[in-house]
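Participant: Sharing a structure, written as structure tokens. Questions coming.
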Amino acid sequence: MAYWLFQGNPKYYRILQAIEEQEELPWLVTRYSKEIQVGDRALIWMAGPEAGIYAIAEVTKPPEIYPELPDGQYWLMSDQAKLDKPRVQLRFLRKLLGQPLRRHELKQDQILRDLLVIRAPNSTNFRVTEEQWQRVYSLKG
């Protein structure tokens, strides 16, 4: 099993609304499409001023290209949806909407301050170490 962090940008996608309303969502995969597998775990990160981890999820379908956007109602700018890129299907295991792990808190944590999304946030998919995953899970799992 591998661990990932999937980032969403609220400038382009209604990430909090999607997490609140759905039990499963497709998520864009721009890197690691050959490595992400069913059963892997994922942290869902919202970018921006309120950046942080807003959900814990499991990969339920491998990366594939969707002919249409099943989550199209959440896209604010459909040109950012990148229909030519694969997506995984995620099932939420825990929603942290009322109690997210915010970036400013994570930067103070000995283990989580090294999350790549904090140091170099310009991507959609990031690797997470088992130690980082266990730390998040111990706090919010």
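Participant: Restricting to the stretch 32-48, what's the tally of residues that are over 18 Å from LYS140 (Cα atoms), open to solvent by less than 60 Å² (accessible area, probe 1.4 Å) and hydrophobic (A, V, I, L, M, F, W, C)?
Facilitator: The first filter runs over the stretch 32-48 and keeps only residues over 18 Å from LYS140 (Cα atoms), leaving 32-39, 47-48.
Imposing the further condition that a residue be open to solvent by less than 60 Å² (accessible area, probe 1.4 Å) reduces the set to 32-33, 36, 39, 47-48.
In the following step, the residues that additionally are hydrophobic (A, V, I, L, M, F, W, C) were identified as 36, 47.
The number of residues fulfilling the criteria is 2.
Participant: Can you find, within the stretch 76-133, the residue that is modelled with the highest pLDDT among those that are among the acidic types (Asp, Glu) and within 22 Å of TYR13 (Cβ to Cβ)? Walk me through it before giving the result.
Facilitator: As a first pass, look at the stretch 76-133 and keep what is among the acidic types (Asp, Glu): 79, 84, 105, 109, 114, 130-131.
Applying the additional criterion that residues be within 22 Å of TYR13 (Cβ to Cβ) yields 79, 84.
Working: ASP79: 69, ASP84: 82.
So, considering only residues that are among the acidic types (Asp, Glu) and within 22 Å of TYR13 (Cβ to Cβ), the one modelled with the highest pLDDT is ASP84.
Participant: Also: Going by the structure shown, is ALA51 closer than 13 Å to LEU5 by Cβ, touching a Phe, Trp or Tyr at 6+ places or on another chain (Cβ under 8 Å) and either of a type outside the set (Ser, Thr, Tyr) or surrounded by 14 or more Cβ atoms within 10 Å (Cβ to Cβ) (or both)? Explain how you work it out, then say what you get.
Facilitator: On the way: closer than 13 Å to LEU5 by Cβ: yes; touching a Phe, Trp or Tyr at 6+ places or on another chain (Cβ under 8 Å): yes; either of a type outside the set (Ser, Thr, Tyr) or surrounded by 14 or more Cβ atoms within 10 Å (Cβ to Cβ) (or both): yes.
Yes, satisfied.
Participant: How about the stretch 70-96: which of its residues are among the hydrophobic types (A, V, I, L, M, F, W, C) and exposed (fewer than 15 other Cβ atoms within 10 Å of the Cβ)? Even if it seems obvious, please write down each step before you answer.
Facilitator: Going through the stretch 70-96, the residues among the hydrophobic types (A, V, I, L, M, F, W, C) turn out to be 75-77, 81, 83, 88, 90, 92-93, 96.
LEU76, MET77, LEU83, LEU93, listed by residue number.
Participant: Tell me, please, whether a residue that is of a type outside the set (Gly, Ala, Ser), touching a helix residue (DSSP H, G or I) at 6+ places or on another chain (Cβ under 9 Å), buried (at least 20 other Cβ atoms within 10 Å of the Cβ) and at pLDDT below 95 can be found in the stretch 9-22. Reasoning before the result, please.
Facilitator: Of the residues in the stretch 9-22, the ones of a type outside the set (Gly, Ala, Ser) are 9-17, 19-22.
Filter again for touching a helix residue (DSSP H, G or I) at 6+ places or on another chain (Cβ under 9 Å), leaving 9-15, 17, 21-22.
Next, only the ones that are buried (at least 20 other Cβ atoms within 10 Å of the Cβ) stay: 13, 15.
Filter again for at pLDDT below 95, leaving 13.
Yes; the residues of the stretch 9-22 include at least one that is of a type outside the set (Gly, Ala, Ser), touching a helix residue (DSSP H, G or I) at 6+ places or on another chain (Cβ under 9 Å), buried (at least 20 other Cβ atoms within 10 Å of the Cβ) and at pLDDT below 95.
Participant: Determine which member of the set VAL59, VAL29 is crowded, with 22+ Cβ neighbours inside 10 Å, β-branched (Val, Ile, Thr) and over 23 Å from ARG135 (Cα atoms).
Facilitator: Numbers: VAL59 fails: over 23 Å from ARG135 (Cα atoms).
None of the other options fit; the residue is VAL29.
Participant: Further question: Condition (residue is aromatic (Phe, Trp, Tyr) and open to solvent by 60 Å² or more (accessible area, probe 1.4 Å)) applied to the stretch 129-138: is it met by at least one residue? Working first, answer last.
Facilitator: Going residue by residue through the stretch 129-138, those that are aromatic (Phe, Trp, Tyr) are 133, 137.
Now drop any that are not open to solvent by 60 Å² or more (accessible area, probe 1.4 Å), which leaves 137.
Scanning the stretch 129-138 turns up at least one residue that is aromatic (Phe, Trp, Tyr) and open to solvent by 60 Å² or more (accessible area, probe 1.4 Å).
Participant: Another question, if that's okay. Hey, VAL38 hits all of (1) under 18 Å from TYR66 (Cβ atoms); (2) under 14 Å from the mean Cα position of the chain (by Cα) but one; which does it fall short on?
Facilitator: (2)
Participant: Also: Out of all the residues in the stretch 105-128, which are assigned to a helix (DSSP H, G or I), touching a residue at least 40 places away in the same chain (Cβ under 8 Å) and open to solvent by 50 Å² or more (accessible area, probe 1.4 Å)?
Facilitator: Once the filter is applied, which keeps residues that are assigned to a helix (DSSP H, G or I), touching a residue at least 40 places away in the same chain (Cβ under 8 Å) and open to solvent by 50 Å² or more (accessible area, probe 1.4 Å), the stretch 105-128 yields GLU105, LEU116.
Participant: Write out, first by first residue and then by second, each pair whose Cβ atoms fall under 8 Å of each other, whose residues are 6+ apart or on separate chains, and whose first residue, in the stretch 28-48, is on the phi > 0 side of the Ramachandran plot while the second is open to solvent by less than 10 Å² (accessible area, probe 1.4 Å).
Facilitator: TYR32/TRP4; TYR32/ASN125; GLY39/VAL59
Participant: If you don't mind, there's one more thing I want to ask. Taking the stretch 81-96 as the region of interest, how many residues are touching a Leu at 6+ places or on another chain (Cβ under 9 Å) and in contact (Cβ under 8 Å) with a residue 40 or more places away in the chain? First the steps, then the outcome.
Facilitator: First, pick out the residues of the stretch 81-96 that are touching a Leu at 6+ places or on another chain (Cβ under 9 Å): 81-83, 85-92.
Now drop any that are not in contact (Cβ under 8 Å) with a residue 40 or more places away in the chain, which leaves 81-82, 85-92.
Qualifying residue count, the stretch 81-96: 10.
The values are calculated or read from the model by the stated rules, or taken from the named source; none is laboratory data. Predicted model, so just to flag it, every value in this text is computed and none were measured. Using ideal geometry, Cβ is built from the backbone for each residue, glycine included, and neighbour counts are taken over all protein chains shown. Surface accessibility is based on the protein's heavy atoms, side chains included, excluding ligands, DNA and RNA. Shrake-Rupley method; radii C 1.70, N 1.55, O 1.52, S 1.80 Å.
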